[in-house]
Amino acid sequence: MKMKSMTLGGVPLEKFIIVADRTLGWNLWDKASLLAERLHGLTGVWPEIISDEVEAAEHEIHLVSPVTLRDLPFDKKEAYCGMHDGTLYLYATTSAEMEALFEKVSVACFSEDSPTEIMEGIPRGLLFTYTEKLISIKHGEGVFAAAMRRAAEIMKAADDNRPVSVVVELADGKYEMDETILLDIPKSAFAKLTVRGVHGANPVIQGCTSLELSNFKKVENKEYYLYQFEKNEDGTYPVFHDFYDNGRHIPIATGSRYITKVNFDNAENRRDEANNRGIYVDRRAVEEMEEIAFPTEFTIFVEWEYATLHAVGVDYSDTKIVDDVEVVRLKIAEEEMVDFARGTHHFLSIANRVSYFGNNRSLLKPGTWAYDATVGQLYYYPEKEEMMATAYAALPTLISLKGVQNAAFENLTFTGTGCVRLATRSYRSTLMNDEGNRGILPLGAIMLDDCANIKVQNCTFTELGTNGIRSQNALIGVSISDCHFENIGMSAISIGNRTARWQEDDCNYNLVIQNNVIQNIAMEFPGSPAVYISHVDKAQIMHNFISNTAYSAIAMGWLVERDWYTEGDYGKKVNARYVEIAYNHIVDYMLLLCDGAAVYVGGANYTKEYPKTFNVIHDNYVERTELKNNSDRGYYIDMCASNWEVRDCVAVNTFLPMWCQYQIAGDLVYNNRID
């Protein structure tokens, strides 16, 4: 029965508005819908639910755009009940909060309780009064790891009767780590973690293993030095592919870059045994190495793909003259050659591609190094005669969070990670640094796995051999802001799994990446975009400065098929929805690979029957200081991408400022708008 006059605390109540942000979980939406119907039964008035869910229409519940979510008259950091201009706003962060709010409001509509009184006694998630546990530390061996283990113990013991906020506070200094810190904690609203530097301090978390300078011996008649490792207990030598001097990530020795002239022997049949014999390379590239120590690394860029393989010899009896250039057959480790021939995209030729040798002592020049793990010999040619503080990095991740909810990292510097993959086997990258269609490597200074409510603010990620921040599986609610990413071997930020179909446990919700400086990215693993997000529901990438990237600066999306979408899928299976890429300044991108862009998006979001544009790229400024080749693109709508609006953007000195890939393997780019 409809009430004649609804009041709350004696104030006339004109309507209800319920905020049900699905990024906080599907249960919250379900609870909001159920209790909205219950409240309608009590008052005769349908509440409005502010959300982005299409199912709301089935219940005659008013829908508004997510922009309205950002414009609500209260801070959405915690549960809320309040009156604004005759409207009661209800906001919850858990389904339990939503249930309790409605129960209290249902009673309050027949009483004189005020919104403040309604909030009293709510079984609150984020409204709990947390007991803060402060762990203050100074730098020293094992101190940081011990502090994090203690923090994990406290968090695991937290519950609704003992909510806790753990703060690990680091004083100035270097915190060296010899193993990854893993926090594997079930998601809980009752435990928070903050890891931060003391105000004004610069704590540095690093994963390098120091080397004794006195053990470097100058090689006779050479300008470089040799460090001979001792064997480990198992009879092997240390394995690494990242070397540091005075905190700086030193590039590995590489030769001059030449152009391959010959495609696969049988380009139509990549499984032909002839393709397993090796790759024809410019003879001058081979002769550049005074003394060839095999195996040695060989890298080749193939459009958006690349591979680093291990050469095991040269067949000087197999030569050709191509375009007045003598080429010779380079022998590649057999398993690696088979994978390269069969795995490289079927319509990509390896002719006319940039290639070079690397990690060979004969290629040493000032400021480079080489290492042979089979004999434990590290060669280093310092830029200056005096070495400062040498180290190697074999630790791929500094901090790994699994299942953690509510964590923040503030005022910290992360450095000194390394990827040993190239020291042990080949690496063939497909799109977005996906390793041979097997997935993106789960490596990063900070590694997130199935986490929620993560904040990284005012941190520095520098001189890293892996990603800066990497996440896999679900990621719900992350903010990365005011950070500095510089000299990073892979991506600065890489979020999400590469999957061919939407999977709920791979979903990313409510991401914010803003006000970051990102420079010199992915020169060691050039298939890595500076910022990459796979499929996502609600994201903002805004106000970032990005420069000097090997591949695309910002890349998003993956799913390419559109035929499997049905009318009922909208809102449940998306590639990218409610995404805003805006106000970014991007300079000098695509420095190594081709077929990318400053801003690259790909993948369908719905069928052609849904023509609305709910993703937007606007007010970005991209520029190249010089044109490199015909693959320079400013903004790239690719792989049957749909429902994007591109407007008010600038592209300077680019060959193709705006590019829509009209057809990829039978799938069209559709339902986009370009102003």
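Each residue of the range 202-216 was assigned a 3J(HN,Hα) from its phi angle through the Karplus expression (A = 6.51, B = -1.76, C = 1.60, θ = phi - 60°), giving 9, x, 10, 9, 9, x, 7, 9, 6, 10, 6, 4, 5, 7, 7 Hz with x at Gly and Pro. Taking 31 Å as the limit for the C-alpha separation, the pairs Lys231/Lys384; Lys187/Lys612; Lys331/Lys402; Lys174/Lys231; Lys192/Lys538 exceed it in the case of Lys187/Lys612; Lys331/Lys402.
Computed with a 1.4 Å probe on the full set of protein chains, the accessible area for Lys261 sits at about 60 Å². Diffusion coefficient of the range 378-511 by Stokes-Einstein, Kirkwood radius over Cα pairs, 25 °C, 0.890 mPa s: 154 µm²/s.
Farthest toward the dipole's positive end in the range 332-435, which of Leu401, Tyr427, Asn359, given Cβ charges of +1 (Lys, Arg) and -1 (Asp, Glu) about the Cα centre? Final value for the positive-end residue is Tyr427. With all projection directions averaged, the alpha carbon convex hull of the range 333-446 covers 11.5 nm². For Val314, the residues whose amide H sits under 5 Å from its own are Lys331, ignoring neighbours fewer than 5 places away on the same chain, with H placed 1.01 Å from N. Ranked by solvent-accessible area (1.4 Å probe, protein heavy atoms only, all chains present), the residues Tyr258, Tyr227 order from largest to smallest as Tyr258, Tyr227. Per-residue SASA remark: Met432, around 10 Å² accessible (1.4 Å probe; ligands, DNA and RNA not included). Taking a sphere under 12 Å around the Cβ of Lys384 and counting the other residues whose Cβ falls inside, with K and R at +1 and D and E at -1, yields a net charge of -4.
Using a simple spin-label model with pseudo-atoms 7 Å out from Cα toward Cβ, Arg248 and His139 lie 1.9 nm apart. The gain in end-to-end length when the Val517 to Thr180 segment is fully stretched comes to 118.7 nm, 0.36 nm per residue minus the alpha carbon separation.
Over the range 196-309, the fraction of Cα-Cα pairs per 5 Å bin, rounded to whole percents and listed from the shortest bin up, is 2, 6, 11, 15, 14, 13, 11, 10, 8, 5, 2, 1, 0. For Ala408, the residues whose amide H sits under 5 Å from its own are Leu193, Thr194, Val195, Lys455, ignoring neighbours fewer than 5 places away on the same chain, with H placed 1.01 Å from N.
Across the range 146-154, rounded Karplus estimates of 3J(HN,Hα) from the backbone phi angles (6.51 cos²θ - 1.76 cosθ + 1.60, θ = phi - 60°) give 5, 5, 6, 5, 5, 4, 5, 4, 5 Hz, Gly and Pro being marked x.
Considering only beta bridges that DSSP places wholly inside the range 166-254, some 40 percent are antiparallel.
Between Thr319 and Asp648, the distance separating the two model label sites (each 7 Å from Cα on the Cα→Cβ line) works out to 6.2 nm. Subtracting the Cα-Cα distance of Glu132 and Ile259 from 0.36 nm times their residue separation leaves 39.7 nm of extension gain.
Kirkwood radius, the range 246-313, all distinct C-alpha pairs, inverse of mean reciprocal distance: 14.2 Å.
Local charge for Gly278 was computed over the other residues whose Cβ lies under 11 Å away, with Lys and Arg +1 and Asp and Glu -1, and equals -2. A Stokes-Einstein calculation at 4 °C with viscosity 1.567 mPa s, built on the Kirkwood radius of the range 239-391 over Cα pairs, returns a diffusion coefficient of 79 µm²/s.
The charge dipole of the range 285-324, taken about the Cα centre with unit charges on the Cβ atoms of Lys, Arg (+1) and Asp, Glu (-1), comes to about 160 debye, rounded to the nearest 20. Amide H contacts for Tyr224 (H built 1.01 Å from N in the peptide plane; partners 5 or more residues away or on another chain; cut-off under 5 Å): Val219.
The values are calculated or read from the model by the stated rules, or taken from the named source; none is laboratory data. Only a predicted model underlies this, so the values are computations on that prediction, with no experimental measurement involved. All Cβ positions, even for glycine, are placed from backbone atoms using ideal geometry, and neighbour counts span all protein chains on display. All accessible areas refer to the heavy atoms of the entire protein, side chains included, with ligands and DNA or RNA removed. Shrake-Rupley method; radii C 1.70, N 1.55, O 1.52, S 1.80 Å.
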